[in-house]
Structures are given as C-alpha cells and as structure tokens.
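Below: the structure, in structure tokens.
Read-outs: derived from the displayed coordinates by stated rules, not from any lab. Remember, predicted model here, so these are calculated numbers, not experimental data. So basically every Cβ, Gly included, is an ideal-geometry build from the backbone, and we count neighbours across all protein chains shown.
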C-alpha cells in the first residue's frame, strides 16, 4: 500500500500544479496568439553585401498624391541597395499617350536612389499588360516604330541611373510556347517583337544588364519553354544577359530542388540570375477568406520558408546577381487584392508576405534571414 500511495503523489502534484497555473493565468502560450515583432538592428543589404544586391519594389504615386514611398518608409528604405518601380516605369504609366511622357513618378524614385547611393532596376519596357492600346495599333512597322521610340526615349533618360532592365516581361504562356494573345505578338504576327525589344535596348545601352522576366519559371514545363524561346530566338546574341525569376511563391511552392535546378540551368546557359518580385503568399493563392490575423503559427511558417529560401540563395551567390522583394512591408502588397488568379479591385483580403509587418517592425522571418 505504501508503494501505491507514493506513486500517486507525483501525479497528484502534477495535476495540482496545472490547476494552480490555470487559475493564475499562466497556461501554456496560445500557438495562434500575436507574434512578437521588433526593431531591426541589421540592414539587409549589409548582411548580404558579399552575396548579392538586395532590392525592393516601391510605389511612387500609388499611395496617394502626398504619401510617397520615401515618406512612408523612411526607416526601412535603408535596408535596400536597389529599388524597382512597382508601376511608375510600366508603359501605360510612363507613356499613356503617343509622344506624351509622364516621367514624374519614375524620376522621384531615381532621384531618391541617387541621393541614397542605391541602384535602380528598370521594370518593364515591353509587356502585354499595363501597356496603352495605341502602342500596338496599326501596321507591323507602325508598332515596331512605337516600340523603338518608347525604348529609346525611356532608356536614354535613365541611361546613367539604371543598371538592369526587364526588357521583355511574361512573353511565354502558361499553356506552352509564346503568349499568342499578347497585343505585341498579334501586331507582329509572331514572336519577332521579342528580338526587336532586346536589339533596341542593346543599341541604346550595350553596358546595361538586359533581362527576360517571367513568373512560374521554376515550373519544369514553363522553364523548358523559356529556355527554348531564348535559344530559338537567339536572344543572347541580341543583348539578353539575364533571367528574371519572379518569386511570387507561397509557403509550399516551389520545392527547393526545382528552384536549385532552375538556377543551375540558366546559369549553365551563361545568364545572370535575378530573383525578382519576391513575396510569400501566406494563403496559397486563394486569399485570406477567413480574415485571419498574422498569428504565431503563420509567423513560424513564414519564417521557416524565408529561412530555407535564403539559405539556398546564399549557396548560389556565385550565380545570383540580385534579390528583389516585391514591396517593403505588409501594409502595401498587391497580394491583398490578387487571389484566385484574379485582380479583385476593392475586395481586400489581407496577406502577410514580407519580413516587415504592417507597423514596419521586423518579424521572425527577418531574424532568420539575417542571423546565419
């Protein structure tokens, strides 16, 4: 009986301690509670100074007439040594009407970068989207001349400021081969416009890094189509020097093995690798339909994801030239409105894709990619 009594005592004490802790509010932490955030102490671009350029996309006038990027993020902008215009250099913004150029938003970004010793990546010269319809109207020669004038005017204006341009954006379809419904493809009657774009860009600035930029590059079938396009059109002969791998990824996609394979294959082709448009969708493309807050569980999964991705980037720093986030902090991200493969204007579903939160404080993800 004494042995039985003694064996019961530890169990009794354990139950009693749980009851006491519950009564005084010391229960185990809720895994879905609010994660800790903090003021960052290390600048991202300094941490990666021996690896690659660290950049971010910034809006110029998208925030509103007075709330520009430099006023919105004064404490976070120093983390980056490269800036990309989120929209200010796209064709419909910079030349909405033929011969009528709107340089003010782009100039603001270029001026800020020059004053703060930051580089500029240009985005984008030729794209099927966000391009004024007049550019691709008329005969093939009319359209060719429109493209030539646009590229020459824009590149010459920023020739001493921009080190790399996304010359052609998203010219390969998800179904295979070229994006045949692109107004450029239709106007030319084929993919020759891609060759022209790189030829014109190279003529303006032979020293500039000229890039082909696309999404889903890590998907084997699309990767193959892009590689085939580059070889078939002999784009490297016409000025192509790099591949832009858009990193609109999520907590599960892509697999690291496919990302590594993608980097290796383009490097073997003699192309510089640029990781562009990096953001991590916390809701796998369907949107935050439950209006979920950024809790401890999401914070950990996001941190795990950023940690493994940047570890791979560091291992490939001899192949990767730049890594550019598609935004700065969670208070401004296109993912709030882009879900289910559709732009849902006015229907915001909050996403949390960056290493800085809505209050511009660092997340656990920031810590993971700066302490290694």
Percent breakdown of C-alpha pair distances by 10 Å bin, ordered from the shortest bin, for the stretch 95-227: 12, 41, 34, 13, 1
Cα centroids of the stretch 355-371 and the stretch 128-174: how far apart, whole angstrom? 36
In a Gaussian network model over the chain where Cα atoms closer than 10 Å are linked, find which of 74, 183, 191 has the largest mean-square fluctuation. 74
At 222 nm, what value in deg cm²/dmol follows for the chain if DSSP H runs of at least 4 each add -39500 (n - 2.57) and the sum is divided by all its residues, to the nearest 500? -11000 deg cm²/dmol
Computed over the stretch 314-372, the relative contact order (Cα-Cα under 8 Å, seq sep at least six) in percent reads 30
On Cα atoms only, tilt of 192-204 relative to the major axis of the chain in degrees: 80
Please report, largest first and rounded to whole Å, the three semi-axes of the ellipsoid equivalent to the stretch 73-173, where each semi-axis is the square root of five times an eigenvalue of the C-alpha gyration tensor. 27, 13, 12
The chain: relative contact order in percent, alpha carbon pairs under 8 Å with at least 6 residues between: 17
Where is the GNM fluctuation largest for the chain (alpha-carbon springs, 10 angstrom cutoff): 100, 322, 49? 100
The exposure ranking of 140, 363, 232, 350, fewest beta-carbon neighbours within 10 Å first, is 232, 140, 350, 363
For the stretch 36-370, percent of DSSP beta bridges that are antiparallel (nearest 5) comes out at 15
Nearest 10 degrees, 0 to 90: helix 256-268 Cα axis against the chain principal axis: 30
Taking Cα atoms, how many degrees apart are the long axis of helix 296-315 and the longest axis of the chain, rounded to 10 and kept between 0 and 90? 50
Using only Cα atoms, what is the ratio of the radius of gyration of the stretch 232-293 to 2.2 N^0.38 Å? 1.49
Pairs of Cα atoms under 8 Å, at least six residues apart: use those to get the relative contact order of the stretch 234-372, whole percent. 28
Express the C-alpha Rg of the stretch 36-370 as a ratio against the empirical globular expectation 2.2 N^0.38 Å, rounded to two decimals. 0.96
Please report, to two decimal places, log10 I(q)/I(0) for the stretch 274-372 at q = 0.11, 0.19, 0.23 Å⁻¹ as given by the Debye formula with identical point scatterers on the Cα atoms and no solvent. -0.33, -0.94, -1.27
